[in-house]
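For reference, the structure is listed below as structure tokens.
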Amino acid sequence: MIFETLLFEKKSGYVLIILNRPDKLNALNGQLFNDLADAVKIAAQDSDIRAVIITGSGSKAFAAGADIMELHEQDNTTGAEFSRVGQRVFDAIEHLGKPVVAAVNGFALGGGCELAMACHIRFASTNARFGQPEVNLGILPGYGGTQRLTRLVGTAKSTELILSGMIITADEAVKIGLVNSVHESSELMDFTEKFVQTIVSKAPLAVYAALESIVNSNELSANEGMHFEAKKFGEICGTVDFKEGTKAFLEKRSATFLGK
Ligand code: COA
């Protein structure tokens, strides 16, 4: 699959989506959002793809935010739609239905941090830097940052970060719960790919159902969330893989999952 601003590399069971504007620190322009929307759609529809990794090309940046050249052109008639374009693509990532892991290999600022937060898990390199520096540009986060950062790290920390525009290190990001773990730059992709290979070795329908329940917990009340979980649990009890997984345990052998 050829994209203007992305590399789409299919591997066994998963796909690597690499943001590919390294000379602009992978800044998110309109073309990149179009490409990302298409790539996400393909990943959702292709049954050979059971997980996605998103990373940035080059050693310096995951993504240094919205493209400031395009941002500068916005006014109060176009701004809301500019924001919604990014929000829609990031919502599609969060609701892709399959695990999406961000391998944050450098700056994840503004829209870059928002993209990482739309992924379900974030691993970072030691040189990664996180922040929502929009206030330095006279704007606020517009691709879900005020919502997802607040959910991930709590209101106090989110307010501190967004109102000050401060940039934090990967270690600080782990401490506040923004990132899952930190790795040497040379080891980040290897670690991330091994993690994803572990996920894709599990029963896919169970993985998708668990993920859907987790993602929905952001939008449902506690009671609705419990009902949703029970409904999914019931559905999965009807799968071939559930019978195989439990039978294999009882027979003291490894399970062979078919995704059925
Ligand atoms: N939009 C458009 N272009 C960007 C960009 C962005 N968000 N971030 C970086 N670039 C471009 C720079 O303009 C520069 O292009 P040029 O070589 O044609 O001049 C190139 O990427 C390299 O960036 P540069 O600033 O020279 O690298 P640096 O190492 O000195 O600084 C950053 C790195 C990330 C600290 C700095 O680029 C920066 O602050 N970027 C903007 C971050 C931001 O505010 N993001 C939120 C946007 S809403």
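Test of understanding: among F233, F228, which residue is surrounded by fewer than 17 Cβ atoms within 10 Å (Cβ to Cβ), part of a helix (DSSP H, G or I) and not assigned by TED's automatic domain parsing to the domain that holds G97? So the residue among F233, F228 that is surrounded by fewer than 17 Cβ atoms within 10 Å (Cβ to Cβ), part of a helix (DSSP H, G or I) and not assigned by TED's automatic domain parsing to the domain that holds G97 is F233. For segment 118-157, residues that are among the basic types (K, R), over 21 Å from L96 (Cα atoms) and away from the ligand (no atom under 13 Å from the Cβ) total 1. Report yes if some residue within segment 42-59 is within 30 Å of N127 (Cα to Cα), within 10 Å of the ligand (Cβ to nearest atom) and out of contact with any helix residue (DSSP H, G or I) (no Cβ under 6 Å at 6 or more places or on another chain); otherwise report no. Looking through segment 42-59, none of the residues is within 30 Å of N127 (Cα to Cα), within 10 Å of the ligand (Cβ to nearest atom) and out of contact with any helix residue (DSSP H, G or I) (no Cβ under 6 Å at 6 or more places or on another chain).
Using the structure shown, decide if L178 is in contact with a Ser or Thr (Cβ under 6 Å, 6 or more places away or on another chain), of a type outside the set (S, T, Y) and at negative phi. Taking the combined requirement at face value, the residue does not satisfy it. Filtered by the rule that a residue be near the ligand (Cβ under 10 Å from one of its atoms) and open to solvent by 50 Å² or more (accessible area, probe 1.4 Å), segment 89-108 gives a lone residue, F107. Among the residues of segment 174-188, those that are out of contact with any Phe, Trp or Tyr (no Cβ under 9 Å at 6 or more places or on another chain) and surrounded by 15 or more Cβ atoms within 10 Å (Cβ to Cβ) comprise V174, I176.
Taken over segment 149-173, the criterion of being closer than 23 Å to N29 by Cβ and surrounded by 23 or more Cβ atoms within 10 Å (Cβ to Cβ) is satisfied by L149 alone.
Scanning segment 52-75 for residues that are touching a strand residue (DSSP E or B) at 6+ places or on another chain (Cβ under 8 Å) and either free of Cβ contacts under 8 Å to residues at least 12 places away in the same chain or of a type in the set (D, E, K, R) (or both) yields K60, D67. Being under 20 Å from the mean Cα position of the chain (by Cα) and among the hydroxyl-bearing types (S, T, Y), is that true of even one residue in segment 217-239? So far as segment 217-239 goes, yes, one or more of its residues are under 20 Å from the mean Cα position of the chain (by Cα) and among the hydroxyl-bearing types (S, T, Y).
On inspection, V215 passes the criterion of being in contact (Cβ under 8 Å) with a residue 40 or more places away in the chain, under 22 Å from L149 (Cα atoms) and surrounded by fewer than 16 Cβ atoms within 10 Å (Cβ to Cβ).
The values are calculated or read from the model by the stated rules, or taken from the named source; none is laboratory data. What you see is a predicted model; the values in this text were computed from it and never measured. Don't worry about glycine lacking a Cβ; one is built from the backbone with ideal geometry, like all the others, and counts go over all protein chains shown. With ligands, DNA and RNA removed, areas are computed over all heavy atoms of the protein, side chains included. Shrake-Rupley method; radii C 1.70, N 1.55, O 1.52, S 1.80 Å.
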